[in-house]
Amino acid sequence: MILDAHTHLFPPEVSGRREAFFQGEADFRLLYEDPRARLVGAAELVAYLDENGIDGACSFAFPWRHPDTARLCNDYCLASAKDFPGRILPFACVNPLLGAAALREAERCLAAGARGVGEIATYGDGLGPKVRAALSPLAALCREAGVPLLLHTNEAVGHSYPGKSAMELSQVYDLVAEHPETCWVLAHWGGGLFVYYLLRKEADEVLRNCWFDTAAGPFLYKPEAYRRFFDIAGPKRLVFGSDYPLLGLPRYRRDAEQAGLSEDEKRRLFGENLNELLGCARRGAAHPEREERV
């Protein structure tokens, strides 16, 4: 089984004329003004899945500031899931800074079959107190609904790139600590937060319901990051996310091979961990054990 935790898809209204959606959407313009930044629809996404032998993919569009655009894209993801059952696993993508409107939209999508909420991102606003307060109702909703919340995170140091927020790991940690029963998927390796499972006190408990996806990892980390992750955080917390169409499965397979992962570790990374997460989230917080090392 191969599952992808992090893919993007857009309805033809957006992919066909992206420039029409730049007004009032500074983050979308930042990431997609360059025409080389691909926008794909459901058929293209499923073609990618078929070509690479991927069974299913969590999919979402963008955290729009305009509620009508958010609804348009969420409806497209939900409809695509019906068109390609089991292949597209729709997530409700909302901007937490819309407040009650974001919460209502997430509730609507979950009632219609969304499998999670995310990717939640506030690129230009970072993850300061205002954003963390706005995220609180969504985190509570995910806990109550038994679904994961996929949160954009990024490393606080290193090279700059479009979409890299002004974000400190302490802010991610504090947010998770405020909602310990929510199942969190921290995108882009959690910005390196997994290193803190090495702390003697507190971190194991605070981060007990955190998973980390690999989205955009080949642009960010050396292949040996896989080995370091498994040695520090254990085999159950890392899930393959491609960030397709930015990257696809072959690039991640190559890095996993270079890292010297075992066949069991690769099975967990590329499918088993996400399958368990999606199942156990609905049964309540999962608490993967750090002590179980491969």
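The values are calculated or read from the model by the stated rules, or taken from the named source; none is laboratory data. This structure is a prediction, so every number in the text was calculated from the model and none was measured. A quick note on method: Cβ atoms are made from the backbone with ideal geometry, for glycine too, and the neighbour counts reach across all protein chains shown. Surface accessibility is based on the protein's heavy atoms, side chains included, excluding ligands, DNA and RNA. Shrake-Rupley method; radii C 1.70, N 1.55, O 1.52, S 1.80 Å.
Below are the figures for this structure:
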item	result
Qualifying residue in the stretch 38-47 (condition: in contact with a helix residue (DSSP H, G or I) (Cβ under 7 Å, 6 or more places away or on another chain), open to solvent by 10 Å² or more (accessible area, probe 1.4 Å) and not in a loop (DSSP other than H, G, I, E, B))	no
Residue 113 being touching a residue at least 24 places away in the same chain (Cβ under 8 Å), closer than 15 Å to residue 58 by Cβ and open to solvent by 10 Å² or more (accessible area, probe 1.4 Å)	yes
Qualifying positions in the stretch 17-37 - out of contact with any Pro (no Cβ under 7 Å at 6 or more places or on another chain), outside any loop (DSSP other than H, G, I, E, B) and either of a type outside the set (A, V, I, L, M) or surrounded by 15 or more Cβ atoms within 10 Å (Cβ to Cβ) (or both)	18, 19, 21, 27, 28, 29, 32
Single residue of 124, 163 found to be of a type outside the set (Val, Ile, Thr), closer than 13 Å to residue 27 by Cα, touching an Asp or Glu at 6+ places or on another chain (Cβ under 7 Å) and touching a residue at least 60 places away in the same chain (Cβ under 8 Å)	124
Selection count, the stretch 48-74, where residues are assigned to a helix (DSSP H, G or I) and closer than 21 Å to residue 148 by Cβ	4
Only listed residue being open to solvent by less than 20 Å² (accessible area, probe 1.4 Å), in contact with a helix residue (DSSP H, G or I) (Cβ under 8 Å, 6 or more places away or on another chain) and over 21 Å from residue 183 (Cβ atoms), chosen from 90, 96, 11, 67	11
Residue that is at pLDDT below 95 and farther than 22 Å from residue 240 by Cβ, where the choices are 12, 35	35
